[in-house]
Amino acid sequence: MPEVTTHTRTVPLGDGSLDLRWAASTDTGRRREVNQDAFLAEYPLFVVADGMGGHLGGEIASASTVDRLRTVVDSGSVSTKNIEKALSRAVKDIIAHPETTDEGTGTTLTGLYLETHTEEPHWVTLNIGDSRVYLLRDEEIVQVTTDHSVVQELIAAGRLSPEEAENHPYGNVITRAVGPSDSVKPDYLRLDVLDGDRFVVCSDGLTKELTDFGIRHFLAANPDPAAAVDAMMAAALENGGRDNVTIVVLDVARRIA
């Protein structure tokens, strides 16, 4: 695995500052020949994309989506409107690419960005598909995003328990993706910016191999983001590495002047 590095950024706020520390990594895993995951971890946007589709389709879909979002970051204007414009352009890129002939080509997209152009700064999570954002706050871990999957719909309808869902035959079937036949509007959620919060953004290659408790354990054991990413990646591979694995860990320290 390539060396994982912790990056830092201090963000001035009206009443003080925000110290952010983050690290990210991706791995093909032990069962797949190609890594169809991609990630972007550049302030203020932290996202993971898990591609799907025959041949090179999934790899192209996730890379196109991340490339378009990187342009938004470079423009200095990350917003829901600009994210959706970028996703629409990514869909056109996917359709136009000669290698994306499979109708099932597409990608999940999940993550969060920091919104500072408001009276009170806040996080905005975004989600399409079954990659996830977790929040560790006050030693409790919560899955912030809701999966767009057949299994999640069955759970919501009361027809399946979370335990039954773990080995369900439709566990990999998602109901929304960034791709030619789907809406490109993510679900959004606003979160307060609190000191001590830790976020994990990951593809399902991690959650197939680690429980929520396992993720919390490795965060607690590794205060440094890069060390936490390394530890979770090693555990996911040791537990089978059945899929591509991508992990972003983002730590928040808020300082009041």
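The values are calculated or read from the model by the stated rules, or taken from the named source; none is laboratory data. Please read these numbers as outputs of a predicted model, since none were measured by experiment. Neighbour counts run over all protein chains shown; Cβ positions are idealised from the backbone, glycine included. Quick note on the areas: whole protein, heavy atoms, side chains included, nothing else; ligands and nucleic acids left out. Shrake-Rupley method; radii C 1.70, N 1.55, O 1.52, S 1.80 Å.
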Q) Counting only the backbone N, which residues of the stretch 225-257 are under 17 Å from the spot 7 Å out from the Cα of ASP19 toward its beta-carbon? A) 225-227, 250-257
Q. Given a Förster radius of 45 Å and the C-beta distance between ALA257 and GLU33 as r, what FRET efficiency does 1/(1 + (r/R0)^6) yield to the nearest 0.05?
A. 0.30
Q. Helix by helix, which DSSP H runs in the chain go 18 Å or more along their axis at the Cα atoms and have an average Kyte-Doolittle hydropathy of 1.0 or more?
A. 225-238
Q) Where is the GNM fluctuation largest for the chain (alpha-carbon springs, 10 angstrom cutoff): THR207, THR246, THR71? A) THR71
Q.
Rounded, prolate or oblate, given the Cα gyration tensor of the stretch 183-257, with a/c below 1.5 counting as rounded?
A. oblate
Q | Residue among ALA227, ALA90, ALA38 with the largest mean-square fluctuation in a Gaussian network model of the chain, springs linking Cα atoms under 10 Å | A | ALA227
Q. GNM, the chain, Cα, under 10 Å: largest mean-square fluctuation among VAL142, VAL124, VAL48?
A. VAL142
Q: First compute the accessible area of the chain with a 1.4 Å probe, then give the percent of it belonging to carbon and sulfur atoms.
A: 48 percent
Q) When the chain is fully extended, how far beyond the present Cα-Cα distance does THR146 get from ASP224, taking 0.36 nm per residue of separation? A) 25.4 nm
Q) Under 18 Å from the Cα of LYS92, which lysines turn up, not counting those fewer than eight places away in the same chain? A) LYS81, LYS185
Q | Computed E for HIS217/HIS117 - FRET, C-beta separation, R0 30 angstrom, nearest 0.05 | A | 0.25
